[in-house]
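Q: A single structure is presented below for examination.
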Amino acid sequence: MAKVLVLYYSSYGHVETMAHAMAEGASINGVTVDIKRVPETVPADVARDAHFKTDQAAPEASVDDLEHYDALIVGAPTRYGRIPAQMASFLDRTGGLWKRGALNGKVGGAFVSTGSQHGGQETTLFSIITTLMHLGYTIVGLPYSYQQQLTLDEIAGGSPYGATTIAGGQGQRQPSDIDLGGARQQGQLIAELALKVAG
């Protein structure tokens, strides 16, 4: 058996939707998958006025949860080409786990959402991946074997570094079938490696 945690932050629901697709892909035989979100750090009135999606069903994670999983898949929207403060705050509290080497040898991956096609998808992925590598994770991306990410027939997310979606400047675009398929494919690849590592 292997355990996978899909950990995300989502202001408007786009990354939440991708997180569920990632979990679907990771839910292969022999793998238990949990979906959790990082705590919101924005005051409730600010979140309300900004129309944040506050009715997300996933429970909040604690930093101590991480060492109980064989794989961690982290998802976040971009903020100026990097992860948002909510996710950064959570990951910045992993120093104790890093010091003990509690996450060394585990499997990791990343997925993101941006407002535009060139809105920092890969730099945001790298900001997650860099942190995961410092913590000792072995990274699994979304290889070009998922050829749908190469389409020129429609707007589509996807990167060899991880699954992505494009929300639009006003959040008007929801993850497409291609975007969700990429998340499922990456989730499955991460789960398959986690099974081997946990084995």
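None of the figures in this text is laboratory data; all of them are computed from the coordinates on show. Everything numeric in this text was worked out from a predicted model, so none of it was measured. As a convention, Cβ positions derive from the backbone with ideal geometry for all residues, glycine included, and neighbour counts pool all protein chains shown.
Q: Apply the Karplus curve 6.51 cos²θ - 1.76 cosθ + 1.60, θ = phi - 60°, to the phi angles in segment 41-46 and return the couplings in whole Hz, x for Gly and Pro.
A: Calculated HN-Hα couplings, in order: 10, 7, x, 4, 5, 5 Hz.
Q: Also, I was wondering about something else. Could you calculate the contour length gain from THR123 to ARG93, that is, 0.36 nm times the residue separation minus the distance between their Cα atoms, to one decimal place in nm?
A: Residue separation times 0.36 nm, minus the Cα-Cα distance, leaves 8.6 nm.
Q: Tell me, rounded to the nearest percent, the portion of alpha carbon pairs in the chain spaced more than 22 Å apart.
A: Pairs farther apart than 22 Å: 41 percent.
Q: Compute, for the chain, the length of the dipole vector about the Cα centre, with Cβ point charges of +1 (Lys, Arg) and -1 (Asp, Glu) only. Units Debye, rounded to 20. All intermediate terms of the calculation are to be shown ahead of the outcome.
A: Numbers: 14 positive and 19 negative charges, 95 e Å.
About 460 debye.
Q: GNM, the chain, Cα, under 10 Å: largest mean-square fluctuation among LEU66, LEU180, LEU142?
A: Looking only at LEU66, LEU180, LEU142, the largest GNM fluctuation is found for LEU66.
Q: Per DSSP helix of 4 or more residues, -39500 (n - 2.57); summed, then divided by the residues of the chain. What does that give at 222 nm, rounded to the nearest 500? Show your work: numbers first, answer last.
A: Numbers: 6 runs with 68 residues, N = 199.
It comes out at -10500 deg cm²/dmol, rounded to the nearest 500.
Q: Say we join alpha carbon atoms closer than 10 Å with springs in a Gaussian network model of the chain; which of GLN172, GLN188, GLN56 then has the biggest fluctuation?
A: Comparing GLN172, GLN188, GLN56 in a Gaussian network model of the chain, the most mobile one is GLN172.
Q: Connecting C-alpha atoms closer than 10 Å in a GNM of the chain, tell me which of VAL46, VAL63, VAL33 has the biggest fluctuation.
A: VAL46
Q: Membrane-span-like helices in the chain: DSSP H runs reaching 24 Å or more (Cα, own axis), mean Kyte hydropathy at least -1.0?
A: Going by DSSP H runs, the hits are 177-198.
Q: Find how many whole Å separate the alpha carbon centroid of segment 111-147 from the alpha carbon centroid of segment 45-59.
A: Result: 25 Å between the Cα centres.
Q: Select from TRP98, ILE128, ALA58 the residue farthest towards the positive end of the dipole of segment 2-198; place +1 on Cβ of Lys and Arg, -1 on Cβ of Asp and Glu, and compute about the Cα centre.
A: Value computed over the given set: TRP98.
Q: Going by how many other beta carbons lie within 10 Å of each one, how would you line up ARG93, ARG100, fewest first? Mind dumping the intermediate values first?
A: Numbers: ARG93 13, ARG100 10.
Going from sparsest to densest Cβ surroundings: ARG100, ARG93.
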